[in-house]
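Undergrad: Can you read through this structure? Questions will come right after.
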Amino acid sequence: MLISVLIALSLCADCFAVSLCSGVRASGAGQARIALAALGFAVIQSLFLLLGWAFGVVLSRFVVRVSEWIAMALLLYVGIDMLLDGVRALRGGRVAEGFAIDGLWSVIMGGVATSLDALSVGASRAMEGEVWADFLPLAVAVFVVTVLSVEAGLNGGRFAGRRFGHWAEVAGGVVLICIGVNIVL
């Protein structure tokens with residue numbers, strides 16, 4: 001079980017980072033909304049892990065090559081949007097309102113961008129011959145750790161957004177862009 005938790009923590013590091021950066025815009029979001037976003041991320045992360053395991057050998061080579069570029073593109077999109085909104089707000093322009101992960105589409109995009117590595121992990125575990133009974137603890141750990149990391153990230157980002165305003169949004173956008181570029185390097 002310890003190995004499952006450690007793998008889950010490593011898979012959820014990017015979920016935490018994206019949530020922290022996105023939480024900067026969450027000053028008006030309530031805990032119910034944050035919990036729904038965390039649940040959405042957890043469902044997507046767990047689903048990708050399970051799909052990877054289910055398709056194992058067939059998808060593993062394709063997923064590794066394509067997933068990096070998809071994740072980079074999605075993170076660049078979100079990061080550039082945050083950066084531009086923050087700069088506009090600092091210059092006295094349109095102020096970004098509400099919550100960066102504010103709807104189903106945003107949760108799906110963020111969840112997919114941060115879950116492609118789970119697809120690869122699931123596929124590799126299947127290729128190693130891991131049976132369902134041995135794989136299930138990892139799936140449960142990934143779900144639970146994802147919920148906790150997204151909750152912590154969104155709440156931490158919300159605090160930073162209140163404290164540092166639009167500078168935190170600019171910094172969050174830069175961080176997401178750097179994570180996206182780092183994926184393919």
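Undergrad: At 0.36 nm per residue, and after removing the present C-alpha to C-alpha distance, how many nm does the segment from residue 3 to residue 90 gain when stretched out fully?
TA: Full extension of this stretch gives 26.9 nm more.
Undergrad: How much accessible area per residue does segment 1-49 have, counting only protein heavy atoms and a probe of 1.4 Å, in square angstrom?
TA: Per residue, segment 1-49 has an accessible area of 41 Å².
Undergrad: Which value, in nm² and rounded to one decimal, describes the direction-averaged projected area of the C-alpha convex hull of the chain?
TA: 10.0
Undergrad: Quick one: putting +1 on the C-beta of Lys and Arg, -1 on the C-beta of Asp and Glu, what dipole do you get for the chain around its Cα centre, in Debye to the nearest 20?
TA: Here the size comes out at about 520 debye.
Undergrad: Let me ask another. So what's the Cα pair-distance distribution over segment 121-185, bin width 10 Å, in %?
TA: Result returned by the calculation: 17, 28, 29, 18, 7.
Undergrad: Moving to a separate point now. Would you mind giving the average projected area, over all directions, of the Cα convex hull of segment 101-141 in nm² with one decimal?
TA: Over all viewing directions, segment 101-141 projects a mean Cα-hull area of 3.4 nm².
Undergrad: Using a basic spin-label model with each label point 7 Å from the Cα along Cα→Cβ, how many nm lie between residue 39 and residue 108?
TA: So the label points at residue 39 and residue 108 sit 1.8 nm apart.
Undergrad: If I model a spin label at residue 174 and residue 130 as a point 7 Å from the Cα along the Cα→Cβ vector, what separation in nanometres do I get?
TA: It works out to 3.7 nm between the two label points.
Undergrad: What angle, in degrees between 0 and 90 and rounded to the nearest 10, separates the Cα long axis of helix 166-184 from the longest principal axis of the Cα atoms of the chain?
TA: In the chain, helix 166-184 runs at an angle near 30 degrees to the longest axis.
Undergrad: I would also like to ask the following. With the chain treated as a Gaussian network of Cα nodes joined by springs under 10 Å, which of 136, 148, 74 yields the largest mean-square fluctuation?
TA: Checking each option, the largest mean-square fluctuation is seen for 136.
Undergrad: Let me ask something additional. Run the helix sum for the chain: -39,500 (n - 2.57) per DSSP H stretch of 4+ residues, divided by residue count, reported at 222 nm to the nearest 500 deg cm²/dmol.
TA: -31000 deg cm²/dmol
Undergrad: Do you know the relative contact order of the chain, to the nearest whole percent, from alpha carbon pairs under 8 angstrom that are 6+ apart?
TA: 51
Undergrad: Dipole of segment 107-177, Cα-centred, from +1 at each Lys and Arg C-beta and -1 at each Asp and Glu C-beta, to the nearest 20 debye?
TA: Magnitude of the dipole: close to 440 debye.
Undergrad: Angle between the Cα long axis of helix 132-164 and the longest principal axis of the chain, 0 to 90 degrees, nearest 10?
TA: Helix 132-164 and the main axis of the chain meet at about 10 degrees.
Undergrad: Within the accessible area of the chain, what % is carbon and sulfur when the probe is 1.4 Å and the other protein chains stay in place?
TA: Here carbon and sulfur together make up 72 percent of the probe-accessible area.
The values are calculated or read from the model by the stated rules, or taken from the named source; none is laboratory data. Worth saying up front: this structure is predicted, and the values here are computed from it rather than measured. We place every Cβ from the backbone using ideal geometry, glycine too, and count neighbours over all the protein chains shown. Surface accessibility is based on the protein's heavy atoms, side chains included, excluding ligands, DNA and RNA. Shrake-Rupley method; radii C 1.70, N 1.55, O 1.52, S 1.80 Å.
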